Every structure is written in structure tokens, then in C-alpha cells.
Amino acid sequence: MKNVQDALRKRQALLISAVITLVCAALYIMFSHQKRLTDVSEGMNSLVAQLTTVFNDNELIADATGVRFQQIKGSSLCGSLTDFTLRDATAWAINGDRQTMSPGQGTIVSRERSENARCMYAAAEFIRHKINVLNPGYSASHRYIVAHDADWFYWFAPADSRPFRFPTSQMASNPGAYFKSPQPFYDRLLQKNLSVKARSSTDFYTDRITGEKAFSIVSYIYDLSGAEVSDNIVGYLVYDHSRPELARALRAAFLTRLPAALMVEVGNRRTGETLCLTNECGWLQGEKIHQLSETYYLRYALPVYLFAIHDPLAWRAILLAPVVFWLLSGVIRRRLNYADIRVYTDPLTGCFTRKILDLVRKNMDDRAAVILLDCNKFKAINDTWGHEVGDRALQTIARLIVSATRPQKDWVIRSGGDEFVLLLENTPLADAREIAQRIAQHIAAETFMADGSALPLSVSWGVAPFAQDLDATIQRADADMYRMKMRRQEAAAPR
């Protein structure tokens, strides 16, 4: 059956399905975003745990190195100063030749061949060896020791010492600009608050080893030789957090599956400087913060708009949205059309009711034609055989009418008890007359049985071309039908 107002229902279906799809996609993206935020929170906790472990390791190594330094120095087991070789015009070194240095041992570079430098080399090598034996695969990169007066530098990873030169090193020239005054030994040793301990960290600077912006965590190697241990130190144990190293730690915290939309930066509360660890950090004001120390913090965000653009979870919704939209629009359109058909359909014959005329009259084609059909002697059938037989007769006539029309172009309307109106789109008057004649012939040829008896069925019809006003056109078709009935009566009259 022809859809009543398909164009309108199509627009409504598109609008409704667009709203539903948009809401569903937005909800999916929001829930996915919340799930990803949970993953991000876990990843950031893991990163904080990594950085805390690095700091704790630094403290342990500093304490162990200090103890070993005093043992070696007190027992005169530091080794020979002849182990130093000239590195350049300003420095002596052990394992410091840039061409032949051994990766299996650390490197110390000193302004002069001093006992303290030789003792620290022996102590640090002992600790380095112990770490490697007890923790296979442990990386010593980025960790080094600086003398309290910057007269010597020791690197656990010898390759880190290659760029170093005393004349160009700002840390060697002015250690006070990098390192804060140490706390008393026991105060620091027994302090449980890592945020307080981490005050010793440096501000941001440009790392000579990597050429990147960095900051360093600093632990103190105390001089334990005196009877009264205070804040005297032998040196500083330094671990550099450069941008590449922190970015690797960030990826490791997320098991290398770093969300594409994630923004993470390290910030210094005192100076206001920040270090971005991801591709973009432009939308981080007022976002989530993890405290690393009283000086440094991690700030991160997962903006929804970037999540929607970059994250695979969001892309599922974006890619599925058009499919859902078209499926929904098709289903909704069919349901709306079906609802229209139920409202405007006669339950007995399946034809449209008179109510459809209010919709049709607005969209009639100027080249349309109207056929009016009236069932002959229908009242006699009802009176003689009963309304049940009359209803079956109407159903039969309606079926034959519908079968002779175009389902998606023509309108078959039951306009009264036994009267039908056919609205034929884009149909010349001559063709309409042929259609009416064919319908009448099919109805007359139909064998209709009632209680074993064949009842003749017939219709009278009239045709009129549509002209502006549908009601007036139906009246003209009615007049044409009346003339047919009169001619039939005249032909049947005795002469």
C-alpha cells in the first residue's frame, strides 16, 4: 500500500535517528572517556611509583656509597693515585679515555689526582658491582656523583661522561646554583616524608649529556668519619630526569600503550617552569595533579575533544555512527509510515479512509485523474444475505480495485459505505476511463458465493480530470457516474 506521507516521515526519521545516534555516540564516547581516565589514573600512579622508586634507590645508593667510602678510606684501601691518567689539559681520569673507556666499569674525572677522588672511585665501583650482581639488568644511566666542591665527577655509566669538560660545565663551575645545602645526616636518614626529602632536587636546566631540558634528584653522601656527624658531605649523588628519560618512564607506566590524547607535564612550583612529556600540553590548566615533592608535580589531562579525535575507543563510535544512523532512520521511517497506514486505513477493506483526503488534497498532481466507484445493489445484498456477506462482498470488490492500481502512485479510498474513490497520479483522462472500465469488468467477472449461491457483483463509475479543487473534482466524477447510471437505466427500460 502507498505510504501516506513518506517524504515527511523520511525527514522526521532522519531527524530522530540523527538525535538518537548523536546522543548514543556522545554517551558512548563519554563512558569510554571515563574508562580511559581510569586507565590513565592507574598509569599515572604507576609513573609516580616508578619515580618514587628511583628516588628511594638514590637514597639507598647514597647511604651505601657513604658507608663504603669511609670503610675504604679508613682502611687505606683506596688504591693508587697512579691509576689516574691525563684526560685533557684540565682533568685526570680513571677509565676516562673517550676512545678506550670500558663499559664494564664507571668513570671518574678529577681536577687533580686526589685521595678523596680515588677513594670515591673504589667505593662507587664496589657499589656499582653489587647493584649489577643483585639486580641483573639494572640500568645505571643518568646517575653520577659530584664532589661537594665539584673537584671530581663519577659516572656509573661511563658513556655519560663523554661530553663532560670542566671549563664548559656549569655544574662544575658553580655547584651552589644546582645543589641545596644538605640537611643534618640523621634528620635526613630518619625523615619518612619523601616530599620533604625531595626538596634537594635541582631546578630545571639543560642537561649536557642529552641536550634536553631536565631536573635532577639529589641525595647526599655524608662524611661519616667524624665523631659528630652533622651536615658535612663528601658529595652529591645525582640522578637526571631528562625529558627523554621521563617520556620513556611514562610509556613504561602505560605498558607502552600511551593514550594518544593524553597530556602530561612536570611542573616546578617554585619557578613556574614546566616540562611537557607528551606531544601537546596546551590544555592543562586546572587539570589533575600528582604531587612528586614539595617542588615538583605531575599534571595530566585527557581532553574529550582530543580523545574523540585520536582514541580507538572513540573511533569505534564515530565509525559506527553512520551505520547506526541509516539503520535507525530506515526502521523509524517504516514504523512511522506503518502508524500512518493504521490511522488512515479502513480495517474492513484495507483501503484508505476519507481522512486521507485532507493529506492528499495538498499534494495532488495537476495531471491526476479521479475515479468514483459505487457498488450496485449493495443494500439488497446486505438486506437479503446479511451484513457478513455484504462485508465479504466489499472486501472482494476492494481487492479487485487495489489489484488494478499502482501501489506506490495511486490512492484507493473507501469514501462511504459502498463507495470508493481512486486518485490516479499523472494519468490522462482516457487512461483513467480504461482503468475504470477494466476494474468494472474484473468485478463483474468475479464469482462471489454466498451459502452456495453465486451472487453477481457490479459497480458504476465516473471519471473526472483533477482541476485545482479535489472536492469539486470528486463531484464531477460523481456527476459522470450518475450519467452512466441514467444511461444504464434508459438502456434497460422496455421500449
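The values are calculated or read from the model by the stated rules, or taken from the named source; none is laboratory data. Remember, predicted model here, so these are calculated numbers, not experimental data. Cβ: placed from backbone, ideal geometry, glycine included. Neighbour counts: every protein chain shown.
Only one of Thr52, Thr82, Thr21, Thr100 is free of Cβ contacts under 8 Å to residues at least 40 places away in the same chain and in a helix (DSSP H, G or I). Can you tell me which? So that I can check it myself, show each step before the final result.
Working: Thr52 fails: free of Cβ contacts under 8 Å to residues at least 40 places away in the same chain; Thr21 fails: free of Cβ contacts under 8 Å to residues at least 40 places away in the same chain; Thr100 fails: in a helix (DSSP H, G or I).
Step by step, each of Thr52, Thr82, Thr21, Thr100 is checked, and only Thr82 is free of Cβ contacts under 8 Å to residues at least 40 places away in the same chain and in a helix (DSSP H, G or I).
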| note | When the range 377-393 is checked residue by residue, the ones that are touching an Asp or Glu at 6+ places or on another chain (Cβ under 9 Å) and farther than 13 Å from Ala450 by Cα are Phe378, Lys379
| request: Could you look through the range 436-477, keep only residues that are modelled with pLDDT of 90 or more and either hydroxyl-bearing (Ser, Thr, Tyr) or touching a Cys at 6+ places or on another chain (Cβ under 6 Å) (or both), and pick out the one that is farthest from Arg392 (Cα to Cα)? | output: Thr473
| message | Looking at (1) among the hydrophobic types (A, V, I, L, M, F, W, C); (2) touching a Phe, Trp or Tyr at 6+ places or on another chain (Cβ under 8 Å); (3) closer than 30 Å to Ala314 by Cα; (4) modelled with pLDDT of 90 or more, which one does Leu237 not meet, given that it meets all the others? | response | (3)
| message | If Tyr300 meets every condition in (1) hydroxyl-bearing (Ser, Thr, Tyr); (2) touching a residue at least 24 places away in the same chain (Cβ under 8 Å); (3) in a helix (DSSP H, G or I) apart from one, which number is that one? | response | (3)
| request: Return yes when Val331 is of a type in the set (A, V, I, L, M) and not in a helix (DSSP H, G or I) and no when it is not. | output: no
| field | Among the candidates Ala398, Ala369, residue that is modelled with pLDDT of 90 or more, among the hydrophobic types (A, V, I, L, M, F, W, C), surrounded by 13 or more Cβ atoms within 10 Å (Cβ to Cβ) and touching a helix residue (DSSP H, G or I) at 6+ places or on another chain (Cβ under 6 Å) | value | Ala369
| field | Extreme residue, nearest to Ser415 (Cα to Cα), among residues of the range 344-375 that are part of a helix (DSSP H, G or I) and in contact (Cβ under 8 Å) with a residue 40 or more places away in the chain | value | Arg354
| query | In the range 405-442, which residue that is more than 22 Å from Arg342 (Cα to Cα) and among the small types (Gly, Ala, Ser) is surrounded by the fewest Cβ atoms within 10 Å (Cβ to Cβ)? | reply | Ala430
| message | Criterion first (in a loop (DSSP other than H, G, I, E, B) and in contact (Cβ under 8 Å) with a residue 40 or more places away in the chain) does Ser225 satisfy it? | response | yes
| said: Given the condition outside any helix (DSSP H, G or I), in contact (Cβ under 8 Å) with a residue 12 or more places away in the chain and surrounded by 16 or more Cβ atoms within 10 Å (Cβ to Cβ), answer yes or no: does some residue in the range 466-484 qualify? | reply: yes
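If you scan the range 221-235, which residues turn out to be under 23 Å from Asn174 (Cα atoms) and either surrounded by fewer than 17 Cβ atoms within 10 Å (Cβ to Cβ) or out of contact with any Ser or Thr (no Cβ under 7 Å at 6 or more places or on another chain) (or both)? Full working, then the answer.
Let us first name the residues in the range 221-235 that are under 23 Å from Asn174 (Cα atoms), namely 221-223, 231-235.
Tyr222, Asp223, Asp231, Asn232, Ile233, Val234, Gly235 - these are the residues of the range 221-235 that are under 23 Å from Asn174 (Cα atoms) and either surrounded by fewer than 17 Cβ atoms within 10 Å (Cβ to Cβ) or out of contact with any Ser or Thr (no Cβ under 7 Å at 6 or more places or on another chain) (or both).
So, in the range 136-178, of the ones that are among the polar types (S, T, N, Q) and assigned to a helix (DSSP H, G or I), which residue ends up surrounded by the most Cβ atoms within 10 Å (Cβ to Cβ)?
Step one: filter the range 136-178 for residues among the polar types (S, T, N, Q), giving 139, 141, 161, 168-170, 173-174.
If we keep only those that are assigned to a helix (DSSP H, G or I) too, we end up with 161, 168, 170, 173.
On the way: Ser161: 23, Thr168: 10, Gln170: 12, Ser173: 11.
Result: Ser161.
Provide a single number: the residues in the range 148-176 that are of a type in the set (Ser, Thr, Tyr) and more than 20 Å from Arg118 (Cα to Cα). Full working, then the answer.
Filtering the range 148-176 down to residues of a type in the set (Ser, Thr, Tyr) leaves 154, 161, 168-169, 173.
Checking which are more than 20 Å from Arg118 (Cα to Cα) leaves us with 168-169, 173.
Qualifying residue count for the region: 3.
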| message | When you check Arg414 against the structure, is it among the charged types (D, E, K, R) and more than 21 Å from Leu348 (Cα to Cα), yes or no? | response | no
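Test Arg36 against the stated conditions and say whether it is touching a Pro at 6+ places or on another chain (Cβ under 9 Å), in the same structural domain as Gly235 (by TED's automatic domain parsing), not in a strand (DSSP E or B) and not small (Gly, Ala, Ser).
Numbers: touching a Pro at 6+ places or on another chain (Cβ under 9 Å): yes; in the same structural domain as Gly235 (by TED's automatic domain parsing): yes; not in a strand (DSSP E or B): yes; not small (Gly, Ala, Ser): yes.
Here the answer is yes, as Arg36 does meet what is asked.
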